[in-house]
Structures are given as C-alpha cells and as structure tokens.
Amino acid sequence: MIRIRWETDYGLLLLGHLVQCASDGSVRTAREIAQSSNLPLPMVSKILKTLARNGILVSHRGVKGGYSLAHPPERLNLAEVIQALEGPIGMTECASHPGTCDKESGCPLRANWVRISHAFRETLEKISLSEMFSLPPPALLHINSPGRKAS
C-alpha cells in the first residue's frame, strides 16, 4: 500500500485552516492553528516551519506574527505540498532518486515505474488547495458510494 506519512496528512489539515482565512489575508499563529485543528502545538509548529521553509507558507515575525499561505490557494497544488513534507514524489526509489539503485541500468521495470510516478505527480499537480478544501462536484459524490453498482 502506498501512503503519505501522518505529518503530510496533518499538514494538509493545517493548510485547510489557512485556506479558509486566505481570502482576507489574515495571519494565524501556530497556537491558533493547533487549537482549531485539535493537534499538539509542538507538532503543528514543526509542520508549519517545514511548509514555510519550502515556500508553501510565509512566516510573519513580531507581535502580530504567524503564518499565511505564500500564494493564493488556487496556485498551490497537492504535489507541491506533498513534496515539501515528503520529499521527491515517486512510486519507487529509482523513480524519485535516479542513480540510487545498482540494478537501475538493467531493470526492466524502471521505465514503467518512472512513467507511473510521472502520471501520479501530474494528477497531484492538477488538484489545487482551493479545490482540495471545497466540496466535490455532485457527480463525484456517487462514484463508488456504498450500495451503488458500477455502470
């Protein structure tokens, strides 16, 4: 099973709180974000610092300091966020870090893993933060819902 780590899942949750207040340009402190997400402050602070270091957030210093999105939520996508928190996106080590496997040059699977990784990344790039935190279109609500038969 392919999974993102809990830090990335929580990072997206934290970004959701910042997306909600992005329209008014307000800044939120780590403490406010931790309280609204019911997550421990040290964990929230660590994730927010990582997102700021990687250009997803802007860190504002001072009395009125805190965090805000570095760009409008329509311009930030899931690939950027996942890469900021997880590192390079790839289904296998050789797809995300070429040259790390001594079998790479003769591997019959590598080209397809690279192709699959590329498709996966492209899909993540097409989903903006604003889209991630809005309701899905009504047509998508019925896909694979329990009790529904595929057509």
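The values are calculated or read from the model by the stated rules, or taken from the named source; none is laboratory data. Since we're looking at a predicted model, the values are computed, not measured. No Cβ is skipped: glycine too gets one built from the backbone with ideal geometry, and neighbour counts run over all protein chains shown.
Against the conditions (1) within 20 Å of the chain's Cα centre (by Cα); (2) over 24 Å from residue 120 (Cα atoms), residue 35 satisfies every one except (1).
In the range 79-134, counting only helices (runs of 4 or more DSSP H) that sit wholly within it, none holds 1 or more residues that are surrounded by fewer than 17 Cβ atoms within 10 Å (Cβ to Cβ), polar (S, T, N, Q) and at pLDDT below 90.
Out of 98, 72, 40, 88, which single residue is farther than 22 Å from residue 122 by Cα and not β-branched (Val, Ile, Thr)?
From the options 98, 72, 40, 88, the qualifying one is 40.
Scanning the range 59-77 for residues that are surrounded by fewer than 16 Cβ atoms within 10 Å (Cβ to Cβ) and farther than 20 Å from residue 132 by Cα turns up 60, 61, 62, 63, 64, 65. Considering each of 45, 36, 68 in turn, give the residue that is over 30 Å from residue 119 (Cβ atoms) and in a strand (DSSP E or B). The unique qualifying residue is 68.
If the condition is being part of a helix (DSSP H, G or I), surrounded by fewer than 18 Cβ atoms within 10 Å (Cβ to Cβ) and either modelled with pLDDT of 95 or more or among the hydrophobic types (A, V, I, L, M, F, W, C) (or both), then the range 11-30 contributes only 13.
Taking the listed residues 87, 25, the one that is at positive phi and touching a residue at least 40 places away in the same chain (Cβ under 8 Å) is 25, with no other qualifying.
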